Every structure is written in structure tokens, then in C-alpha cells.
Amino acid sequence: MDRVAVALPQVFSHFPALPPPPAGVRLVVSSDHACSYFDDRAARTRAFWAASMPGGLYHRFMDAGFRRSGRVVYQPVCAACRACVPLRIPVGSFAPDKTQRRVWRRNQDFSVTFDAPRATAEKHELYNRYRRDWHGGEDEHSWEDFVGFLYDSPVNTLEFEYRDGDKRLIGVGICDVSEESLSSVYFYFDPAEARR
């Protein structure tokens, strides 16, 4: 019987082993720090800084469990934990479920545009409101921190803007582009519109 390769979402972790990064990359390993996802755990990452990177190479890093924040490309390497598993959706076989169709209908008044990322005062204010009201962040990110975290990218990146019928900015999605994938880097939105 012939075997057929089928692309499936990644639903496994690499624990206890970690996949190697592409050859020739010197990684710096952080000391333990507070985990962003589990209050009772410590986190550790290995990372490097990238001035620029072709999309194909970045895709290979994503295959090894790396992600990015600004120009820092990093991989969680926490002791005895591999809970950070990338969610991958093969778009060719994707079909929205009942809940997703309902959300689509609820948001028919949205306009969605995409273009090269551009930091603005309107987006900075929305991002700080999102951090404060959705994540309980007490400190506001400065303009420099905001730009460095979301808009300074070593790879080809797109920005999606979500606006309601009154043209009010409701959400912003930052996505990296490679030949094989579109990778969501970060999404921030108006917490008052969470019902959407």
C-alpha cells in the first residue's frame, strides 16, 4: 500500500529533547526567569539577535520551535516543560466550525486591511490599553519599547488592521511572511470589544 504524506497541525512537544537550530547559529541561554504562562514555573530561553533573515531560514527556525520578539529570535528551553507548542493550521484543509462561523457573522461590520507595519500613536494607545485592561499590566510601554517589540523585524512582516463600521481601530495583528507560512507574531485589541 502506498503511503501519502499529509500535513497535520503540530500537536506534539519536543520534550525531553529540543530540536537543533539551523547550523552555525550561536545561541545565548538566559538564566531562569518568571514564566509568562504558569505562575508556579520558571522559564528559560535560548536566543540570538538577527539584523535580517530570509523567510525560508526563519521558517526552519519556526520548525525547531523558535519564535521572535523584535529582532530577538528565541526558543523556550525550560527544564522538564515543553508546554509551549506552536499551533499550526494547514489552510488548504481548514474549515470553520460553528463557533468560528458565528464570530465571522458577528464581525461583518469590520474592515480588514494589511500593509507594511507602521507604528502610530493610535496603535500605541491601543496596545497600552490592551496590556493594562486585558493583561493587568501596570506600566505603559514607551514608544521605543512598543516599536522595538512589535515593529522592528528582521524578516518580511505584514500588519493587519481591524476597524469597525465607524473606522475605529479595534485590533492589530503582526504577521511574519515566509515562502511556506504566515506566522502570527502578536495580536492586540480593544478589550472593550472582547465579545467579538
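The values are calculated or read from the model by the stated rules, or taken from the named source; none is laboratory data. These numbers were taken from a predicted model, which means no experiment stands behind them. Cβ coordinates were reconstructed from backbone atoms using ideal geometry, including for glycine residues, and neighbour counts include every protein chain displayed. Ligands, DNA and RNA are stripped out before the accessible areas are found, and what is left, the full protein with its side chains, is counted by its heavy atoms. Shrake-Rupley method; radii C 1.70, N 1.55, O 1.52, S 1.80 Å.
Assorted remarks:
- For GluC sites (Glu not before Pro), the sites in segment 146-196 that DSSP calls loop and that have at most 16 other Cβ atoms within 10 Å are Glu179, Glu180.
- Dipole magnitude for segment 47-185: computed about the Cα centre from +1 point charges on Lys and Arg Cβ and -1 point charges on Asp and Glu Cβ, it is near 600 debye.
- Options Val172, Ser142, Val155, ranked by Cα towards positive dipole end of segment 125-196, top entry (Cβ charges): Val172
- Projecting the Cα atoms of Val72, Leu182, Ser36 onto the dipole axis of the chain, where Lys and Arg carry +1 and Asp and Glu carry -1 at the beta carbon, places Leu182 farthest toward the positive end.
- Contact order relative to length of segment 14-82, as percent, for alpha carbon pairs under 8 angstrom and 6 or more apart: 37 percent
- Lone cysteines, the chain (no partner Cβ under 4.7 Å): Cys35, Cys84, Cys175
- Of the trypsin sites (Lys or Arg not before Pro) found in segment 81-173, those in coil by DSSP whose Cβ has at most 16 other Cβ atoms within 10 Å are Arg82, Arg88, Arg118, Lys167, Arg168.
- Using C-alpha pairs below 8 Å separated by at least 6 residues, the relative contact order for the chain is 21 percent.
- Solvent exposure of segment 35-139, expressed per residue, is 65 Å² of accessible area, with all protein chains present and a 1.4 angstrom probe.
- Taking Asp115, Asp97, Asp166 as the candidate residues, the one with maximal mean-square fluctuation in a Gaussian network model of the chain, Cα springs under 10 Å, is Asp97.
- Largest GNM mean-square fluctuation among His59, His141, His33, using the chain with Cα springs under 10 Å: His33.
- Pair-distance profile P(r), taking every C-alpha pair of segment 100-196, with 5 angstrom steps and integer %: 3, 12, 22, 24, 19, 13, 6, 1
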